[in-house]
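One structure, pasted below without further comment.
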Amino acid sequence: MKRTEIALLWDKDTLFREYLIDRGFTCEIVMPNTLSAPFFSFTGYKLVIVQAGFGNELYSGMLKALRANSVLINEFVKVGGTLLVSGALSNKDAYNWLPVKIEYVMEKRRVRIEVVKEHKAAVIVEKEECMCDGYFEGVEAETEWEVILRIKEERDKDKKGKAILIALKYGAGEIIATTIHEYPSERFIAYCIGK
C-alpha cells in the first residue's frame with residue numbers, strides 16, 4: 001500500500017483532493033478535529049496544503065484549528081516537510097499562525113505573471129496568466145521570504161509588481177505561500193513532495 005504523501009487541511013471534503021488523486025498523488029483530508037487530536041502526527045506526510053479561503057468563515061472553519069496547532073504545523077516544516085499556504089480570502093490577520101510574518105491584501109483579479117527568481121516552485125502554474133485572490137506586501141525588503149512570482153505590471157515600467165508566490169526555508173523544510181487562485185500544476189506538487 002502506497003503511503004499518503006499529502007495532507008490537505010480542510011473542514012470538509014473538497015474537489016482539490018480529487019484533483020490531486022486524479023494526478024496520481026496520495027492525499028487525505030485532515031479535518032480540524034483530527035488535527036487537534038492528542039495523538040495526531042504529520043509523520044509520513046511530505047506536503048501539507050492549506051487551500052485558498054482558509055481565513056474566511058464563509059468558506060472554511062480551518063483558521064481556528066491552524067492557530068491552535070501552529071506548533072505542530074511549524075514542527076512538520078522544521079523537520080523537512082513542505083507547507084503550501086494559499087490565499088486567505090480575508091483581510092484579517094489570517095497568517096499569524098505561521099512562524100514568519102506575512103502581510104496579505106485581498107484583491108481578486110486575473111493577472112499576468114512575472115518570474116522574479118528561478119525556483120522549482122515557479123511552475124505552480126504553467127501559463128503566463130492566472131487568477132489571484134490578492135498579493136503579499138512587505139516581503140521584498142528585509143524579510144526572510146524570497147519572492148518567486150509577482151504580478152507583471154505593464155502600465156508603469158518602474159513599478160515593481162506585487163508578490164503572488166513567496167518561499168521561505170524554515171529548518172530543514174520550506175514554506176510556500178501563494179495568492180494564485182488555481183490548482184497547482186502536477187510538476188509543482190511533484191517538486192513539493194520530492195519526486
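What single numbered condition from (1) small (G, A, S); (2) modelled with pLDDT under 95; (3) assigned to a strand (DSSP E or B) fails to hold for A177?
For A177, the failing item is (2).
Go through the stretch 80-90 residue by residue and tally those that are touching an Asp or Glu at 6+ places or on another chain (Cβ under 6 Å) and part of a loop (DSSP other than H, G, I, E, B).
First, the residues of the stretch 80-90 that are touching an Asp or Glu at 6+ places or on another chain (Cβ under 6 Å): 82, 87, 89.
Now narrow it down to the ones that are part of a loop (DSSP other than H, G, I, E, B): 87, 89.
Residues flagged as touching an Asp or Glu at 6+ places or on another chain (Cβ under 6 Å) and part of a loop (DSSP other than H, G, I, E, B) within the stretch 80-90 amount to 2.
Which number in (1) touching an Asp or Glu at 6+ places or on another chain (Cβ under 8 Å); (2) at pLDDT below 90 marks the one condition that L168 misses?
So the condition that L168 fails would be (2).
Considering (1) surrounded by 21 or more Cβ atoms within 10 Å (Cβ to Cβ); (2) assigned to a loop (DSSP other than H, G, I, E, B); (3) of a type outside the set (S, T, N, Q); (4) without any contact (Cβ under 8 Å) to a residue 40 or more places away in the chain, say which one D93 fails and leave the rest.
(1)
Pick out the one residue from V111, V48, V77 that is assigned to a strand (DSSP E or B), at pLDDT 90 or above and under 14 Å from the mean Cα position of the chain (by Cα).
Working: V111 fails: under 14 Å from the mean Cα position of the chain (by Cα); V77 fails: assigned to a strand (DSSP E or B).
Testing whether each residue is assigned to a strand (DSSP E or B), at pLDDT 90 or above and under 14 Å from the mean Cα position of the chain (by Cα) leaves just V48.
Looking at the stretch 71-79, is at least one residue among the basic types (K, R) and farther than 29 Å from I151 by Cα?
At the first step, the residues of the stretch 71-79 found to be among the basic types (K, R) are 78.
Subsequent filtering for residues that are farther than 29 Å from I151 by Cα retains 78.
Yes, the stretch 71-79 contains at least one residue that is among the basic types (K, R) and farther than 29 Å from I151 by Cα.
Exactly one of these conditions fails for A7: (1) assigned to a helix (DSSP H, G or I); (2) under 17 Å from the mean Cα position of the chain (by Cα). Give me its number.
(1)
Of all residues in the stretch 1-23, how many are of a type outside the set (V, I, T) and either in contact (Cβ under 8 Å) with a residue 60 or more places away in the chain or surrounded by 15 or more Cβ atoms within 10 Å (Cβ to Cβ) (or both)? Talk me through it step by step, then tell me what you get.
Going residue by residue through the stretch 1-23, those that are of a type outside the set (V, I, T) are 1-3, 5, 7-13, 15-20, 22-23.
Checking the rest, the ones that are also either in contact (Cβ under 8 Å) with a residue 60 or more places away in the chain or surrounded by 15 or more Cβ atoms within 10 Å (Cβ to Cβ) (or both) come to 5, 7-11, 16-17, 19-20, 23.
Total meeting the criteria: 11.
The values are calculated or read from the model by the stated rules, or taken from the named source; none is laboratory data. Predicted, not measured: the structure shown is a model, and the values here were computed from it. In this analysis, Cβ positions are derived from the backbone assuming ideal geometry, glycine residues included, and neighbour counts consider all displayed protein chains.
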